[in-house]
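The values are calculated or read from the model by the stated rules, or taken from the named source; none is laboratory data. Values in this document were obtained by computation on a predicted structure and should not be read as measured data. Positions of Cβ are backbone-derived with ideal geometry, glycine not excepted, and every protein chain shown enters the neighbour counts.
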Amino acid sequence: MYNHLFLFQVHKEPELFHRILSHLESPNHYFIINIDKKSKDEQTFKKIINSHKNIIFTSFMNITHGGFSQISCTLHQIHQAQSSKIHFDYYHTLSGQDYPCVSVEEFDSFFNNNTQSYMVFDKIEDYPQWKYTTYPKRLEHYYVTDLLNNSFFRKIYLPQIINRFVYWIPRKYNSWESIWGGWNWFSLHESVIQYLMNYIEGHPKFVKRFKYTHCADELFFTTILHPVIQKYNIEAHNSLRYVDWHPKRFHTTLPLILNEEDYDSIIESQKFFCRKVEEKTSKQLLTKLDEKIQSSKNN
């Protein structure tokens, strides 16, 4: 039976996180969790974490949406995993808004004797557009959001004000031929994780260059791994997560906050997680997923 490590970054809705952990608990499932330092629910999160098994490590890093801190957190979690005495076959990055869609039995059955990895890279037909529009906006300007990430500064809009000024400081990126974007949520075999960490250790300038950029988490890992997709058997357009970036109904944020209307699409997708969900908006959906998972266990 493979050992699976789930690397969580959470910041709100601790009861939702409790439900997620409860669905994922298994003797061969382990967890490393970061509770955002800014979270108002830190004590509740701690109580929930203490009620679950196989928690390897808990951190309290201050995470900025779109900041390098998201990358730093994932790398820190992988380092913690590799310093433990447990061998992990697969590493899965998740947020506290990623809900399981299958039972642990179905999950383990899929991965046993599997060496394939799962991640979403930008499609080759979209690459030229991204390369000359979105990628430069993220990499060729300064963003100091990580340095100003606290409630008071955000309340007075200081990060936005400072970013407007530093944005125009020249900052060329000289290796555009290697940049490739995608999603930062992945399920990677240990061999890919080892390649990733070896690359990072051998290329400190590459890592440093991604600091003070915007949404670099959607460029960093995919850029490193894109040249070795075939070598390491990475499925490049499937992260095993259901996400709706092109909703057909009214929405105020992307990706779409899922609800019961999305249940059939989620099940038909055969994905293992769906995101994003919230306790209130997704209440009926979560109930239906709970019932599906329980039914699978009973059968």
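Computed quantities for the displayed model
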{"item": "Residues located in segment 24-47, provided they are surrounded by fewer than 19 Cβ atoms within 10 Å (Cβ to Cβ) and closer than 17 Å to Tyr99 by Cα", "result": "Glu25, Ser26"}
{"item": "Cβ pairs under 9 Å, 6+ apart, first in segment 250-279 and within 17 Å of Trp185 (Cα to Cα), second assigned to a helix (DSSP H, G or I) and at pLDDT below 95", "result": "none"}
{"item": "Cβ-Cβ under 6 Å pairs, at least 6 apart or on other chains, segment 40-63 side more than 21 Å from Phe152 (Cα to Cα) and free of Cβ contacts under 8 Å to residues at least 60 places away in the same chain, far side surrounded by fewer than 15 Cβ atoms within 10 Å (Cβ to Cβ) and not hydrophobic (A, V, I, L, M, F, W, C)", "result": "Ile56/Ser84"}
{"item": "Flag if Ile20 is under 21 Å from Tyr118 (Cβ atoms), of a type outside the set (Ser, Thr, Tyr), part of a helix (DSSP H, G or I) and touching a residue at least 40 places away in the same chain (Cβ under 8 Å)", "result": "yes"}
{"item": "Any hit, segment 247-264, residues being among the charged types (D, E, K, R), modelled with pLDDT under 95 and more than 12 Å from Asp98 (Cβ to Cβ)", "result": "yes"}
{"item": "Criterion violated by Ser72 - all others in (1) of a type in the set (S, T, N, Q); (2) under 21 Å from the mean Cα position of the chain (by Cα); (3) closer than 30 Å to Glu279 by Cα; (4) outside the structural domain of Trp185 (by TED's automatic domain parsing) satisfied", "result": "(4)"}
{"item": "One residue from Asp89, Asp98, Asp108, Asp126 being more than 28 Å from Asp244 (Cα to Cα) and of a type in the set (D, E, K, R)", "result": "Asp89"}
{"item": "Residues (of a type outside the set (Ser, Thr, Tyr) and farther than 12 Å from Phe8 by Cβ) located in segment 62-72", "result": "Asn62, His65, Gly66, Gly67, Phe68, Gln70, Ile71"}
{"item": "Residue identified as at pLDDT 90 or above and over 28 Å from Ala81 (Cα atoms) among Asn163, Asn112", "result": "Asn163"}
{"item": "Top-ranked residue of segment 115-151 - restricted to ones that are polar (S, T, N, Q) and in contact (Cβ under 8 Å) with a residue 24 or more places away in the chain, ranked as surrounded by the fewest Cβ atoms within 10 Å (Cβ to Cβ)", "result": "Ser151"}
{"item": "Residue within segment 239-248 that is free of Cβ contacts under 8 Å to residues at least 24 places away in the same chain, among the basic types (Lys, Arg), outside any strand (DSSP E or B) and within 28 Å of Ile200 (Cβ to Cβ) present", "result": "no"}
